[in-house]
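Visitor: Quick one: this structure, given as structure tokens, is what I'll be asking you about.
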Amino acid sequence: MREAKPPAPAGELVGLYEKTKRIHPRAVSGVFAKWRWGLVWLTQIIFYGLPWLMWNDRQAVLFELASRRFYIFGLVLHPQDFIYLTGLLIIAAYALFLFTAVAGRLWCGYACPQTVYTEIFLWIEHRFEGDRMQRIKLDAGAWTARKWLRKSGTQVSWVLLSLWTGLSFVGYFTPIRTLTAEALTLGFGPWEWFWVLFYGFATYGNAGYMREQVCKYMCPYARFQSAMFDKDTLVISYDTERGEPRGTRGRKIDYKAAGLGECIDCGLCVQVCPTGIDIRKGLQYECIGCAACIDVCDGVMDKMNYPRGLVRYATQNGLASHWGKAQLMRRALRPRVLIYTAILVLIVGALAVSLWLRSPFRVDVVRDRAALARVVDDGEIENVYRLQVMNTTEGRQRYRVAVTGLAGVRLGGASEFTLESAEARWIGVEVRLAPGPAQAAGAGVHPIEFDVERLAGDGQGGAMVREKSTFVIPR
């Protein structure tokens, strides 16, 4: 009789993704922490305060999508000025390339909105729930009245800050004073409701919960940053020659005699990292360049009476060749950096010159396609045109239209008109040609030019825009 086969072993369940562990960064103080908080204050004063500034009896920075006018202090832009936005985006891209080539993820570590709001949310959390160890114990403990109170304080503060952030964001597109008055009565329109809640929810979720997940998985910059790095890029580095072999010891122990390096393996560099990495394992894409590990390590070195700089800004070539700060700075001016700088200066200069030479008004000429040409009183040939004139200043302006380019051509109606501040208007214009000059010119299409002149006055100098068009003489 055949023996029964033993039962097959039960299958092992393997998870494809590791469960995310909540990171509780330790508070840190130092030079780089002061720089980071200085930029937090600067960026948020600008973001929250700019919509409240007034300029010429209106909001200083306002993007009115309904009227398609964009106000930036004394500058009034229309959709036709989209090229300036393109220029700003190109400048931002090249500035990012330049800063990354010189010193890695400076933007991420100090001025990125994700970093800024994470710092603010962590500060609020620290005020309500305590330092790192207190927060860990609070999360692991049972839900008591004390825990409910502390967690509720954190959540309410986060929600209020997030809603105020969403309100401030929408305040760049809807006048902030009108928006605030509507907020008191909950009288928002549908799109205002959507964007205030959407931007507020994004701030709350990203800075309150997702934090390092945004930097590690959602931000594309973490993935392509290595393309802009080279061996002379300043990055946060752990000096392996000085630090290894690491090990704990007392302050009075001669670590060299004990065969140890300067790293006492305290783990503080990991505890302060907002993305939870160990900088001693080398450069990692998760590192956002906040330099918190430098600050905390320098503090430990001071307590141990060791020289600072075990964790510091350095380059791969600098660490290998034991370069000093002067050599590192000289190497920073390498061809890649010089090329990025030259291109950036040229683009900024071109944009500045373009804005400086920008005409105070714009003119577009469109023919009336319903009637290319017609014969009117006294046998004159008439062509009808529509001129779109945009006043790009914030004062009332008066203009005069003239037509040239064809002998005997003239305007058939009024030649002067007035536009209010930042107004754009279509002006109907009839251009006529007497029978004699028309016969002399001959049938066909003839080039003409419209000269639109801004009349001097109210402290404004004269200016003129010339636009080409054609005049049709029928057979």
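The values are calculated or read from the model by the stated rules, or taken from the named source; none is laboratory data. Source: prediction; values computed, not measured. All Cβ positions, glycine included, derive from the backbone under ideal geometry; neighbour counts span all protein chains shown.
Visitor: If you take the residues of segment 236-267 that are surrounded by fewer than 18 Cβ atoms within 10 Å (Cβ to Cβ) and among the hydrophobic types (A, V, I, L, M, F, W, C), which of them is nearest to the chain's Cα centre (by Cα)?
Guide: Top of the filtered list is Cys266.
Visitor: Something else: Within segment 24-38, restricting attention to residues that are buried (at least 16 other Cβ atoms within 10 Å of the Cβ) and hydrophobic (A, V, I, L, M, F, W, C), which residue is farthest from the chain's Cα centre (by Cα)?
Guide: It comes out as Val28.
Visitor: Under 8 Å between Cβ atoms, at least 6 apart or on separate chains: pull out the pairs that start in segment 195-219 with a residue that is acidic (Asp, Glu) and end on any residue that is assigned to a helix (DSSP H, G or I).
Guide: none
Visitor: Please specify each residue of segment 113-156 satisfying the condition of being touching a residue at least 60 places away in the same chain (Cβ under 8 Å) and farther than 25 Å from Phe47 by Cα.
Guide: Answer for segment 113-156, where residues must be touching a residue at least 60 places away in the same chain (Cβ under 8 Å) and farther than 25 Å from Phe47 by Cα: Asp131, Arg132, Arg135, Ile136, Asp139.
Visitor: Of all the residues that make up segment 200-235, how many are closer than 30 Å to Tyr48 by Cα, surrounded by fewer than 16 Cβ atoms within 10 Å (Cβ to Cβ) and over 18 Å from the mean Cα position of the chain (by Cα)?
Guide: Qualifying residue count for the region: 5.
Visitor: Please give the number of the condition Gly189 fails out of (1) within 25 Å of Leu50 (Cα to Cα); (2) surrounded by 13 or more Cβ atoms within 10 Å (Cβ to Cβ); (3) of a type outside the set (A, V, I, L, M, F, W, C).
Guide: Evaluating Gly189 over (1) within 25 Å of Leu50 (Cα to Cα); (2) surrounded by 13 or more Cβ atoms within 10 Å (Cβ to Cβ); (3) of a type outside the set (A, V, I, L, M, F, W, C) leaves (2) as the failure.
Visitor: Can you give me the ranges of the helices (runs of 4 or more DSSP H) entirely in segment 288-376 with at least 1 residues that are within 30 Å of Asp451 (Cα to Cα)?
Guide: Values: elements: 292-304, 316-321, 325-332, 335-356.
In segment 288-376, the matching helices (runs of 4 or more DSSP H) lie at 335-356.
Visitor: What are the residues in segment 455-475 that are within 39 Å of the chain's Cα centre (by Cα) and modelled with pLDDT of 90 or more, if any?
Guide: Passing the criteria: Val465, Arg466, Glu467, Lys468.
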